Amino acid sequence: MKASDDRSVTFRQLHAAGCFVMPNPWDVGSARALEQMGFKALASTSAGLAWTLGRADNQVTLDQALEHLSDIVAAVKVPVNADFEGGFAADPKHVAANVKLAVATGISGLSIEDATGDEASPLYDFDLAVARVRAARRAIDESGAGVVLTGRSEGFLCGRPDIDETIRRLCAYSEAGADCLYAPRIVRAEHISAIVTAVSPKPVNLLINAPFMTVAEAARLGVRRISVGGTLARTAWAGFLNAAKEIADAGTFFGFDGLPNVDALFRER
């Protein structure tokens, strides 16, 4: 069994019971730092990667995403889940082909979104959205990898905050072969509980990108997995931008107080 297969088994086991936090590094250094802190799995962030390239989210190419995933997987020993956006294609056949490329990087999990990027019609048509998840499932199965497939419904993220439609889509994605279900920007406890109940016994991922809930509270609602998206990357950007703005505006350097010894994180022992 390859090391990547071992990690996929571990990743699947993490979803079987309890609740774990899967933070999102944006580069190799942040991935290694999070692994050192004891997190049992990590996830990529499409936004965090895009910002390192000076781009907005959803402006990264397939090749850039694949290279990034390969780098993160090679840098750590824990399972890595891929934020694979919408599969970098609309047509299910192309989604399947791209998923196979992602699986080949050694990832242990992968998510497929139903957002189109079109403000006028932000979600894929229901049947097409389901077909795209089904195609991703087939691609994973054909690869022989035990990669965990997450079906994502983006309604609350892209201006369609309809909990009933979100649940309808998540249930359909579950039936199409998704192992885990995820609707970002769900923040109300009753909505979280409704999703958990609707897709049970499949695990649910909760995005926590603001201090609206603790890990213990999410666990009590039945959430199995927590991710933070690009929010850790945003906290890093906040520190950088605030310190730089102080220099530009005031000519002072108080933002340099109390900084960590980053070099010590990566010095070989």
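Are any residues in the stretch 204-260 touching a Ser or Thr at 6+ places or on another chain (Cβ under 9 Å) and part of a helix (DSSP H, G or I), and if so, which ones? Listed by number, the residues that qualify are 231, 232, 233, 236, 246.
Selection of the stretch 4-46 for residues being among the hydrophobic types (A, V, I, L, M, F, W, C), in contact with a helix residue (DSSP H, G or I) (Cβ under 7 Å, 6 or more places away or on another chain) and within 21 Å of residue 113 (Cα to Cα) yields 21, 26, 41, 42.
Can you say whether residue 185 is surrounded by fewer than 18 Cβ atoms within 10 Å (Cβ to Cβ), over 30 Å from residue 74 (Cβ atoms) and either hydrophobic (A, V, I, L, M, F, W, C) or at pLDDT 95 or above (or both), as far as the supplied structure shows? Taking the combined requirement at face value, the residue satisfies it. Being assigned to a helix (DSSP H, G or I), closer than 21 Å to residue 205 by Cα and not β-branched (Val, Ile, Thr), is that true of even one residue in the stretch 70-84? Checked the stretch 70-84: no residue is assigned to a helix (DSSP H, G or I), closer than 21 Å to residue 205 by Cα and not β-branched (Val, Ile, Thr). The set of residues in the stretch 1-38 that are among the acidic types (Asp, Glu) and under 15 Å from the mean Cα position of the chain (by Cα) contains only 27.
When 53, 49 are checked against the criterion of being of a type outside the set (Lys, Arg), over 24 Å from residue 179 (Cα atoms) and touching a Phe, Trp or Tyr at 6+ places or on another chain (Cβ under 9 Å), a single residue qualifies: 49.
Right, residue 261: out of contact with any strand residue (DSSP E or B) (no Cβ under 6 Å at 6 or more places or on another chain) and touching a residue at least 12 places away in the same chain (Cβ under 8 Å) or not?
No, not satisfied.
Looking only at residues that are assigned to a helix (DSSP H, G or I) and not charged (D, E, K, R) in the stretch 59-69, which one is surrounded by the fewest Cβ atoms within 10 Å (Cβ to Cβ)? Once the filter is applied, the top-ranked residue is 64. Per the listing 163, 192, the residue uniquely of a type in the set (A, V, I, L, M, F, W, C) and in contact with a His (Cβ under 9 Å, 6 or more places away or on another chain) is 163. The condition of being more than 13 Å from the chain's Cα centre (by Cα) and under 19 Å from residue 61 (Cβ atoms) does not hold for residue 110. Considering 45, 10, the condition of being under 21 Å from residue 147 (Cβ atoms) and surrounded by 21 or more Cβ atoms within 10 Å (Cβ to Cβ) is satisfied by 45 alone. Filtering the stretch 18-58 to residues that are of a type outside the set (S, T, N, Q), without any contact (Cβ under 8 Å) to a residue 60 or more places away in the chain and part of a loop (DSSP other than H, G, I, E, B) leaves 27, 37, 38, 39, 40, 53, 54, 55, 56.
The condition of being modelled with pLDDT of 95 or more, within 20 Å of residue 90 (Cβ to Cβ) and either touching a Lys or Arg at 6+ places or on another chain (Cβ under 7 Å) or of a type in the set (Val, Ile, Thr) (or both) holds for only one of 140, 163, 167, that being 140.
The residue that is nearest to residue 232 (Cα to Cα), counting only those in the stretch 178-203 that are assigned to a loop (DSSP other than H, G, I, E, B) and more than 18 Å from the chain's Cα centre (by Cα), is 188. Only one of the numbered conditions (1) in contact with a helix residue (DSSP H, G or I) (Cβ under 6 Å, 6 or more places away or on another chain); (2) among the hydrophobic types (A, V, I, L, M, F, W, C); (3) touching a residue at least 24 places away in the same chain (Cβ under 8 Å) is not met by residue 89, and that is (3).
The values are calculated or read from the model by the stated rules, or taken from the named source; none is laboratory data. Values in this document were obtained by computation on a predicted structure and should not be read as measured data. We place every Cβ from the backbone using ideal geometry, glycine too, and count neighbours over all the protein chains shown.
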